Amino acid sequence: MARAASDYATRFVTDIATQATANPAVRTALRTGLGREPDQCHRMHAFVAPWLEEDPHPDKERVHYTIAALIAHAPETAVPTDEDASGDLGESLARAAQHHVLASATTENYLHLVVRQNPGTLCRYLTTVVLSLRDTGIPVDFARLFDDAGRWPWQSRRIAKTWLQSYYRSVASKTSSS
């Protein structure tokens with residue numbers, strides 16, 4: 001059974017998605033942060049800063065801005081509406097391979113690339129992977145991703161193992177059921 005996202009992550013994702021869906025100007029402002037560091041995201045501060053304490057850790061700040069920008073890419077589908085849409089990054093990548101919207105080799109390469117990142121580069125690579133998933137219609141559980149990316153500086157090995165195991169378990173279950 002998949003681990004549920006924290007209440008904080010769920011509220012953050014829901015708030016950002018709601019604002020971006022309701023107001024095209026907010027969505028545009030949030031999208032300016034795609035692939036950028038927080039100090040380059042001046043238009044995003046009004047929407048993300050209220051969620052941060054004063055002088056946050058750079059890794060924590062980067063996760064907030066990255067996830068907010070990714071949500072704004074397609075806010076209408078940012079909050080999963082069914083159980084099939086929830087899961088970690090490994091499950092989302094496996095789903096892309098199973099639905100043949102991304103090649104299996106591509107999803108596996110993406111996953112192995114992401115799990116090798118340090119906290120300073122994780123968000124840059126997550127942006128590439130998540131945009132590829134979203135552009136092909138594969139849902140991403142942003143609350144789970146927010147939690148995982150936020151814990152990456154201290155638990156990267158454990159999270160990487162979880163994502164890898166989820167990916168290979170999902171791929172194997174689809175193969176054995178075919």
**Prompt:** Does residue 26 qualify as being part of a helix (DSSP H, G or I), touching a His at 6+ places or on another chain (Cβ under 7 Å), over 30 Å from residue 171 (Cβ atoms) and without any contact (Cβ under 8 Å) to a residue 60 or more places away in the chain?
**Reply:** no
**Asked** Across region 95-112, which residue is farthest from residue 144 (Cα to Cα) among those that are touching a helix residue (DSSP H, G or I) at 6+ places or on another chain (Cβ under 6 Å) and not in a loop (DSSP other than H, G, I, E, B)?
**Response** 104
**Prompt:** Out of region 53-79, which residues are farther than 22 Å from residue 118 by Cα and more than 16 Å from the chain's Cα centre (by Cα)?
**Reply:** 53, 54
**Request:** Return yes or no: is residue 150 small (Gly, Ala, Ser), part of a loop (DSSP other than H, G, I, E, B), crowded, with 18+ Cβ neighbours inside 10 Å and in contact (Cβ under 8 Å) with a residue 24 or more places away in the chain?
**Result:** no
**Request:** Could you check how many residues of region 1-60 are surrounded by 20 or more Cβ atoms within 10 Å (Cβ to Cβ) and at pLDDT below 95?
**Result:** 1
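This table checks each residue for (1) without any contact (Cβ under 8 Å) to a residue 40 or more places away in the chain; (2) outside any helix (DSSP H, G or I).
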position	(1), (2)
43	yes, no
48	yes, no
67	no, no
71	no, no
80	no, yes
93	no, no
**Asked** Across region 121-146, which residue is nearest to the chain's Cα centre (by Cα) among those that are surrounded by fewer than 22 Cβ atoms within 10 Å (Cβ to Cβ), modelled with pLDDT of 95 or more and not aliphatic (A, V, I, L, M)?
**Response** 127
**Asked** If you take the residues in region 93-115 that are in contact with a Phe, Trp or Tyr (Cβ under 9 Å, 6 or more places away or on another chain) and of a type outside the set (A, V, I, L, M), which one is farthest from residue 10 (Cα to Cα)?
**Response** 108
**Request:** Write out, first by first residue and then by second, each pair whose Cβ atoms fall under 9 Å of each other, whose residues are 6+ apart or on separate chains, and whose first residue, in region 154-167, is under 11 Å from residue 114 (Cβ atoms) while the second is outside any helix (DSSP H, G or I) and acidic (Asp, Glu).
**Result:** 159/88; 163/88; 167/88
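The values are calculated or read from the model by the stated rules, or taken from the named source; none is laboratory data. Keep in mind that what you see is a predicted model, and the values were worked out from it rather than measured. Virtual Cβ from ideal backbone geometry, glycine too; neighbours counted across all protein chains shown.
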